[in-house]
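Student: Once you've had a glance at the structure underneath, I'll fire off some questions.
What follows is calculated from the coordinates using simple rules that are stated; it is not laboratory data. It should be emphasised that the depicted structure is a prediction, and the values quoted were computed from it without experimental measurement. Every residue, glycine as well, gets a Cβ built from its backbone with ideal geometry; the counts of neighbours run over all protein chains shown.
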Amino acid sequence: MTDMSASVSPVRLEGDLAPDLSRWLWLVKWALLIPHVILLVFLWIAFVLLSILAFFAVLFTGRYPRWIFEFNVGVLRWSWRVSYYSYSALGTDRYPPFTRGEVPDYPARLAIEYPERQRRGFPLIGWWLLGIPQYVIAGIFAGGAGIGWAGRNGNVGAPSLIGVLVFVVAMLLLFRATYPRPIFELVMGLNRWVFRVGAYAALLTPEYPPFRLDTGEREPSE
């Protein structure tokens, strides 16, 4: 059985707030990250295809192939570093490395505990049905695509909560050269929630994400 009350998540997401962030660099980070974006497009295509393969592996064998797990976790790790540098956190001005591997001294880090066994049939039952509330919440935090209204030219999506907070941070950096720590800790908590749900959706962990906002730079120890 999946333990929904577990206090320690197998998905570990951390970030160290840089003390000397630039006032204006965030204005051009989108351009600086073009090489990362191009590579991540191809990596995410592979991520989706391999996740489909892992779906059937878990369904029939109860095991997530280790080599697929390592690849997919690497894609998430790379994505988190880019997100942290750019518009999901603006937590550092240190350019993210081009690697799926661990970089312990980089300010943004992600690790997921490998599940030795998963329940057969889990992808057909618990994975999508139990995950619906979490997917809705994560969509509000990260995308907001499901909340909007019909405009004259079609649907208009609401901005994500993370996006709104990071916009406030960008303005504070530009005009006051400051990143309030309470906002940073909240941004970290929201990103942590989103990545936990993403890992669960990709079957990287059978542990149901907690309905808990763990704010701060570090994961809770218990």
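Student: With runs of 4+ DSSP H residues as the only contributors, calculate the mean residue ellipticity of the chain at 222 nm using -39,500 (n - 2.57) per run, divided by the residue total and rounded to the nearest 500. Don't skip to the end; give the middle numbers.
Tutor: Details: 7 runs with 104 residues, N = 222.
After summing the helix terms and dividing by the residues of the chain, the value is -15500 deg cm²/dmol.
Student: Name the residue, out of Arg81, Arg119, Arg176, whose mean-square fluctuation peaks in a Gaussian network model built on the chain with Cα pairs under 10 Å.
Tutor: Arg176
Student: What distance in nm separates the two pseudo spin-label positions at Tyr135 and Val164, each 7 Å out from Cα along the beta-carbon direction?
Tutor: 2.4 nm
Student: Taking the Cβ-Cβ separation of Ala177 and Val41 as r and a Förster radius of 30 Å, what is the calculated FRET efficiency to the nearest 0.05? It would help to have the intermediate numbers written out before the result.
Tutor: Details: r = 34 Å, r/R0 = 1.13.
Plugging the Cβ-Cβ distance into 1/(1 + (r/R0)^6) gives 0.35.
Student: Continuing with this model, one more query. On a C-alpha basis, how far is the centre of the stretch 158-203 from the centre of the stretch 1-72 in Å? Whole number, if you could?
Tutor: 17 Å
Student: For the chain, modelled as a GNM with alpha-carbon contacts under 10 angstrom, which of Val197, Val11, Val136 fluctuates the most?
Tutor: Answer for the Gaussian network model of the chain: Val136.
Student: Quote the charge dipole size of the chain about the Cα centre in Debye, to the nearest 20; the model charges only the Cβ of Lys and Arg (+1) and of Asp and Glu (-1). Could the numbers behind the result be given before it?
Tutor: Values: 20 positive and 16 negative charges, 99 e Å.
Its charge dipole is roughly 480 debye.
Student: Let me ask you something else. Test of understanding: ordering Arg12, Arg66 by Cβ neighbours within 10 Å, fewest first, what list do you get?
Tutor: Numbers: Arg12 16, Arg66 10.
In increasing order of surrounding Cβ atoms, one gets Arg66, Arg12.
Student: Let me ask another. For Tyr114 and Trp30, calculate 0.36 nm times their separation in residues minus their Cα-Cα distance, and state this gained length in nm to one decimal. Don't skip to the answer; put the middle values down first.
Tutor: Working: separation 84, 0.36 × 84 = 30.24 nm, distance 3.28 nm.
Residue separation times 0.36 nm, minus the Cα-Cα distance, leaves 27.0 nm.
Student: Averaging sequence separations of C-alpha pairs under 8 Å and six or more residues apart, then dividing by the length of the stretch 11-201, give the relative contact order as a whole percent. Provide the component values of the computation, followed by the final result.
Tutor: Details: 237 pairs, mean separation 54.0, N = 191.
So the answer I get is 28 percent.
Student: Output needed: percent of Cα pairs per 10 Å distance bin for the stretch 168-207, bins running from 0 to the one holding the longest distance.
Tutor: The calculated distribution, bin by bin, is 28, 32, 23, 16, 2.
Student: In a Gaussian network model over the chain where Cα atoms closer than 10 Å are linked, find which of Leu76, Leu90, Leu129 has the largest mean-square fluctuation.
Tutor: Comparing Leu76, Leu90, Leu129 in a Gaussian network model of the chain, the most mobile one is Leu129.
Student: Here's something else I'd like to know. Using the C-alpha atoms of the stretch 11-201, what convex hull volume per residue, in cubic angstrom, is computed?
Tutor: Values: hull volume 26.4 nm³, N = 191.
Cα convex hull per residue, to the nearest whole number: 138 Å³.
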